[in-house]
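Let me begin by handing over the structure; questions about it come next.
The values are calculated or read from the model by the stated rules, or taken from the named source; none is laboratory data. Only a predicted model underlies this, so the values are computations on that prediction, with no experimental measurement involved. Every residue, glycine as well, gets a Cβ built from its backbone with ideal geometry; the counts of neighbours run over all protein chains shown.
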Amino acid sequence: MIREDSNIILSVHNLTAEIEGRPILKGVNLEVKAGEIHAIMGPNGSGKSTFSKVLAGHPDYTVTGGHVTFQGTDLLELDAVNRALAGMFLAFQYPIEIPGVSNLDFLQVAYNARRSRQGLDDVDLFDFEELVQQKLDVVKMDPAFLDRSVNEGFSGGEKKRNEILQMALLEPTLAILDETDSGLDIDALKIVANGVNQLATPDNAIVLITHYQRLLNYIEPDYIHVMAEGQILTTGDKELALELEERGYDWILEKHLGVVS
Amino acid sequence: MTIQVSTVPETATVADRLRVDRTAYLNRLVQRHSSVVSPFLELEALKNTANTRLLELAIPSTRDEAWRFTDLSSLLQIEFEPVSEAKRVEPEAIAPFALPDSYQIVVVNGIYRPELSRIDRTEGLWIGNLAHSVPAQPTLWKYLGQQLGKADVFTELNTACFTDAVVLWVGRDRAIDTPVHVIYLSTSHTSPVVTYPRCLVVAEAGSRLTLVEQFAAAENSLYWTNAVTELWLDAEAQVNHTRVQQDSPLSFHIGRTVVSQEQASHYTDTAIHLGAALSRYNADFYSLGEQTQTRVNGLTMLRDKQLADTHSSIVYSRPYGSSRQLHKCVVDDQAHAVFNGRVVVPKLAQQTDAGQLTKTLLLSPKARIDAKPQLEIVADNVKCTHGATVSELEHDEMFYLQSRGIDADRARQLLVYAFAHDVLSQVPIVPLRDRLTALTRTQFA
């Protein structure tokens, strides 16, 4: 939902970043306001996933230039933990498995870490379970998953639902969903999309990173950005997604970079 | 007058002197041990044999292949005294280790202490010290000190010097559901002491037993534990054995488990190594009948300058046996873990199915692991696999947890626990498993 008077949540200016000396982001500009849903699309290797990891503070990437303001503070000054505690959330493309640590324990640790930052007391297991039960509905998740080890033996769809469950609990100001739609069948995709829609409010913002237009049938973005060669080449509305679906990415690359990949 | 001067090459002198020192050290240890006249002729004979064998043996050096990575020089610098008197121990000292719903046997500095133990007389299960066990189990001499294998200096030393032994005997077809928990407690003394805990377990045909051995310290002190546990499983017996070594971080621990398995018996060894400055675990499993099943789980967690060495061997002599070995090490700081896993499958042992896997997580650039599988396979129709991996904490894993607001220390703890989990989950007693889990979380805090 685009509102002129909304607060700016995220502002990215000319961001450049590299991994092992190899430049990946080559000047990214983006502004995200409260209440908005953005989609970043682009071909493989365009830098979309890198952009999400750089925003969340992955230590393997080095920011070489530009600046990022998140809710008025310099995001690049914060480590991954403090970015999360400040209200940033990244839903992973490949969530990791943690054998022996129950999903419930993991969620409680993360939830209480966030509360502690907000100056609130820890929630005990009893109250926390009650809270989680309510949130399970968002992604139609079986309570049995709470007792299982984090992501261990989960199907692709279950892992993605678990990511959205974490988002539901942590209530981030900015949620970045990295290829959350990849590897999902249509039913799982609908459940995940439905969950995300329920979590979108006028006070938070969502950035969807996706390769395919398919997800955007279920989550309607306010802006669509096309990324290639480590830059956002063009921005449009949902009509752009349909055009991309029909014509692919080549015409955009040709228009902006003068090349056909 | 002529003086004859003979010279010996320098290298030989050094080697000889080392040999002499290590032999002399061993002799002093044996001599310092005041030999009490044994009430049993059989015990006298056993100890005499051990003493005779010790004359041929020495404390090993890193020149011995089996001790290449484990240098005992620091042990040789200390003259350990035997424990002369029973030390007063309050029940509170035992309380942190006690497990609910179990038979508790407390051994303090190698001596069985009935007043601290908690044993219900159960039909089919005998628990006692050596003196009481001899009249009750007159055949125990067929087992005590009679295991297969080459003479090992520390086992012989234990046999020569032990003053008491715990005897556990499970009668034919008896299933003992209550776990037996043996706590070996070391207390501090004015000078460093050496103790020789000894345990004999006989599980008759078709019987079942859950055993926990736990080595712990009442205080942080310098001592040496040289322990031997012998287990005999008759046909179709099942023994689940957990061994927890959480000795004082100043101490030395040399322990041996030796198991004989008759036909279709099932044995599980889950050994958790957390304590001691220097520890060595020698575990030997002899499959003497067909269709034996052996599960060997190990978890070593080290920090500071600790060294822990596990040398295991699974030796088959009959067909259709199977074994699964999983050994995991978590090594931090400048600690050093050693693993040598030997599996011997001679021609007679066709259709053996043996799998071995060792995985190590190194938490610091100066942490070290030396892991070596050693498969000696002669039989041609067998399935034997082995694998070894060494890894560090993955950035992606840490990042996942940190991106959920979980700080680096907590994230590391969770990932270390996740790594150790598949061994810890093999500990069959829930309260003990929970306690060990908590310990693994604080080990690297």
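Output the residue which, of all residues in the stretch A:207-246 that are in contact (Cβ under 8 Å) with a residue 24 or more places away in the chain, among the acidic types (D, E) and over 18 Å from A:S49 (Cα atoms), is surrounded by the most Cβ atoms within 10 Å (Cβ to Cβ).
A:D222
Across the stretch A:81-102, what is the number of residues that are over 24 Å from A:I209 (Cβ atoms) and facing chain B (nearest Cβ under 7 Å)?
3
Need a quick list: helices (runs of 4 or more DSSP H) entirely within the stretch B:383-445 having at least 2 residues that are closer than 30 Å to A:L55 by Cα and within 13 Å of chain A (Cβ to nearest Cβ).
Answer list for the stretch B:383-445: B:395-402, B:408-424.
Same structure again: Among the numbered criteria (1) surrounded by fewer than 22 Cβ atoms within 10 Å (Cβ to Cβ); (2) at pLDDT 95 or above, which single criterion is violated by B:E156?
(1)
Now, a different point. Just give me the residues in the stretch A:246-261 being modelled with pLDDT of 80 or more and under 15 Å from A:N44 (Cα atoms), in sequence order.
We begin by selecting, within the stretch A:246-261, every residue modelled with pLDDT of 80 or more; these are A:246-257.
Within the stretch A:246-261, A:G248, A:Y249, A:D250, A:I252, A:L253 qualify.
If you don't mind, there's one more thing I want to ask. Please find, within the stretch B:143-172, the residue that is nearest to B:I119 (Cα to Cα) out of those that are part of a loop (DSSP other than H, G, I, E, B) and out of contact with any strand residue (DSSP E or B) (no Cβ under 9 Å at 6 or more places or on another chain).
B:R172
Okay, moving on. With the structure loaded, tell me whether B:D353 is touching a Lys or Arg at 6+ places or on another chain (Cβ under 6 Å), more than 14 Å from chain A (Cβ to nearest Cβ), surrounded by fewer than 16 Cβ atoms within 10 Å (Cβ to Cβ) and modelled with pLDDT of 95 or more or whether it fails that test.
Judged against the criteria, B:D353 is a match.
Does the stretch B:389-424 hold any residues that are among the small types (G, A, S) and either more than 30 Å from B:V296 (Cβ to Cβ) or in contact with a Gly (Cβ under 9 Å, 6 or more places away or on another chain) (or both), and which are they?
Hits for the stretch B:389-424 are B:S403, B:G405, B:A408, B:A411, B:A418, B:A420.
Given the conditions (1) over 30 Å from B:N340 (Cα atoms); (2) charged (D, E, K, R); (3) without any contact (Cβ under 8 Å) to a residue 24 or more places away in the chain, and given that B:D64 satisfies all but one, which numbered condition is not satisfied?
The number of the failed condition is (1).
Looking at this structure, is B:L361 within 14 Å of chain A (Cβ to nearest Cβ) and modelled with pLDDT of 95 or more?
yes
Same structure, new question: Looking at B:A264, B:A216, B:A276, which is the one that is modelled with pLDDT of 95 or more and closer than 22 Å to B:S73 by Cβ? Can you show your working first?
Details: B:A264 fails: closer than 22 Å to B:S73 by Cβ; B:A216 fails: closer than 22 Å to B:S73 by Cβ.
Within the list B:A264, B:A216, B:A276, the selection yields B:A276.
Please find, among B:G149, B:G145, B:G124, the residue that is at positive phi and either hydrophobic (A, V, I, L, M, F, W, C) or buried (at least 18 other Cβ atoms within 10 Å of the Cβ) (or both).
So the residue among B:G149, B:G145, B:G124 that is at positive phi and either hydrophobic (A, V, I, L, M, F, W, C) or buried (at least 18 other Cβ atoms within 10 Å of the Cβ) (or both) is B:G145.
Right, another one. Any residue at all in the stretch B:191-205 that's surrounded by 22 or more Cβ atoms within 10 Å (Cβ to Cβ), closer than 20 Å to B:H273 by Cβ and polar (S, T, N, Q)?
Taking every residue of the stretch B:191-205 in turn, at least one turns out to be surrounded by 22 or more Cβ atoms within 10 Å (Cβ to Cβ), closer than 20 Å to B:H273 by Cβ and polar (S, T, N, Q).
Counting only residues that are over 30 Å from B:S117 (Cα atoms) and at pLDDT below 90, give me the helices (runs of 4 or more DSSP H) lying completely in the stretch B:1-101 with at least 2 of them.
On the way: elements: B:10-32, B:41-55, B:73-76, B:91-94.
Fully inside the stretch B:1-101 and qualifying: B:10-32.
Looking only at residues in the stretch A:27-79 that are within 14 Å of chain B (Cβ to nearest Cβ) and in a helix (DSSP H, G or I), which one is nearest to the chain's Cα centre (by Cα)?
A:S52
Another question, if that's okay. Go through the stretch A:103-128 and give me each residue that's within 11 Å of chain B (Cβ to nearest Cβ) and touching a residue at least 40 places away in the same chain (Cβ under 8 Å).
A:F106, A:L107, A:A110, A:Y111, A:R114
Report, by residue number, each residue of the stretch B:109-142 that is part of a loop (DSSP other than H, G, I, E, B), farther than 26 Å from B:A86 by Cα and in contact with a Ser or Thr (Cβ under 9 Å, 6 or more places away or on another chain).
Within the stretch B:109-142, B:G124 is the sole residue that qualifies.
It is to be established whether one or more residues within the stretch A:131-139 are within 14 Å of chain B (Cβ to nearest Cβ) and over 25 Å from B:R441 (Cβ atoms).
No, that holds for no residue.
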